[in-house]
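Enquirer: Structure in structure tokens, see below.
Nothing in this text is a laboratory measurement; each read-out follows from the coordinates by a stated rule. Not measured: the values here are computed from a predicted model. Every residue, glycine among them, receives a Cβ derived from its backbone with ideal geometry; neighbour counts consider all protein chains shown.
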């Protein structure tokens, strides 16, 4: 791989499992769900080695068996989304059934901006009661800070004290959400792979549109944290990656409802 890519690594693994001979992926993605996919396929009879490292080797087999039982790894991006929501809303939540090691990069940034994270087995408590401090972030392949949590953290930085900078090195279209946050009173200047966040005291409710999956999650966090009412459109993006997200936020005390127009 010229560039580390989760999607490309997954697709090559899937294509190689039943191919003849041995396939080697150099500069492979190392995200937890890459390892999870390999473990799952191996339980079905595949021969995949090295998942979680830079080099993955797949020895093709003639068939996979469909009688495997497998428990999928918890979603670290969903957990990270709720971690950001706790900080942005000055809340105090406990996230159950998560793998805390997968969340070390987001935990480090939350602690850097002044938040609190307490890991206890597969539980994670996240809480905050004051205005966040500025931080700088650069997205990187795992185990670096994930691009899929960049917009959610952008909401936090939009009301942080001082000026924060995010450098996006993974996905070039990731800053589309900043224009929507600016509609809510944020002061964000995004150009190319860099966005500058000049923290404001508070966000104000406004109609906004989800431009992609993670942008949608970020706008929900912004709406929960803002003064007044926020309407988020294009929910189909959000539903791609979160199941019943509004119900989970309701259980945390958010005033949120899905409306059919």
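Enquirer: Please find, in a Gaussian network model of the chain (springs between Cα atoms separated by less than 10 Å), the residue of 212, 75, 26 whose mean-square fluctuation is greatest.
Expert: Maximum among the listed residues: 26.
Enquirer: For segment 76-251, what's the relative contact order in percent, using C-alpha pairs closer than 8 Å and at least 6 residues apart?
Expert: Normalised by residue count, the contact order of segment 76-251 is 18 percent.
Enquirer: Calculate how steeply helix 32-43 sits against the longest principal axis of the alpha-carbon atoms of the chain, using the helix alpha-carbon long axis, and give the answer as 0 to 90 degrees to the nearest 10.
Expert: That works out to roughly 30 degrees.
Enquirer: How do 33, 123, 102 line up, fewest other C-beta atoms within 10 Å first?
Expert: Ordered from fewest to most neighbouring Cβ atoms within 10 Å, 33, 123, 102 come out as 123, 33, 102.
Enquirer: Just check segment 6-59 against the gyration tensor rule for me: Cα atoms, a ≥ b ≥ c as the square roots of the eigenvalues, rounded for a/c under 1.5, and otherwise prolate or oblate depending on whether a/b exceeds b/c.
Expert: oblate
Enquirer: A further question follows. With runs of 4+ DSSP H residues as the only contributors, calculate the mean residue ellipticity of the chain at 222 nm using -39,500 (n - 2.57) per run, divided by the residue total and rounded to the nearest 500.
Expert: When only DSSP H runs of four or more count, the value is -9500 deg cm²/dmol.
Enquirer: Suppose R0 equals 45 Å; then what is the FRET efficiency for residue 247 and residue 19 from their Cβ-Cβ distance, rounded to the nearest 0.05?
Expert: Efficiency, rounded to the nearest 0.05: 0.60.
Enquirer: Calculate how steeply helix 213-225 sits against the longest principal axis of the alpha-carbon atoms of the chain, using the helix alpha-carbon long axis, and give the answer as 0 to 90 degrees to the nearest 10.
Expert: So the inclination is approximately 30 degrees.
Enquirer: State the extension gain, in nm to one decimal, for the chain segment bounded by residue 96 and residue 202, taking 0.36 nm per residue of separation less the distance between their alpha-carbons.
Expert: Separation in residues times 0.36 nm, less the Cα-Cα distance, equals 35.2 nm.
Enquirer: Computed FRET efficiency, Cβ-Cβ of residue 169 and residue 26, R0 22 Å: what is it to the nearest 0.05?
Expert: Plugging the Cβ-Cβ distance into 1/(1 + (r/R0)^6) gives 0.65.
Enquirer: Would you mind estimating how fast segment 192-260 diffuses translationally, via Stokes-Einstein at 37 °C and 0.692 mPa s with the Kirkwood radius over Cα pairs, in µm²/s?
Expert: Approximately 254 µm²/s, per Stokes-Einstein.
Enquirer: Follow-up. Run the simple label-point estimate for residue 2 and residue 258 please: 7 Å along Cα→C-beta, distance reported in nm.
Expert: Label-label distance for residue 2 and residue 258, simple model: 4.0 nm.
Enquirer: If you don't mind, there's one more thing I want to ask. Give me the three principal axis extents of segment 10-103 from the C-alpha atoms, as integers in angstrom, largest value leading.
Expert: Largest to smallest, the principal-axis extents are 54, 32, 17 Å.
Enquirer: Given the C-alpha centroids of segment 202-261 and segment 62-129, what is the distance between them in whole angstrom?
Expert: After rounding, the separation between the Cα centres reads 19 Å.
Enquirer: How big is the chain on each of its three principal axes, counting only the C-alpha atoms and giving the largest first in Å?
Expert: Computed over the Cα atoms, the extents are 59, 41, 37 Å.
Enquirer: Volume per residue, Å³, of the convex hull around the alpha-carbon atoms of segment 124-227?
Expert: It is 99 Å³ per residue.
Enquirer: To the nearest 10 degrees, how steeply does helix 6-16 sit against the main Cα axis of the chain, on a 0 to 90 scale?
Expert: 20
Enquirer: Picking from 169, 71, 16, which is most flexible by a Gaussian network model of the chain using Cα springs under 10 Å?
Expert: 71
Enquirer: Could you give the spread of the C-alpha atoms of segment 65-107 along their three principal axes, from largest to smallest, in whole angstroms?
Expert: Largest to smallest, the principal-axis extents are 48, 17, 12 Å.
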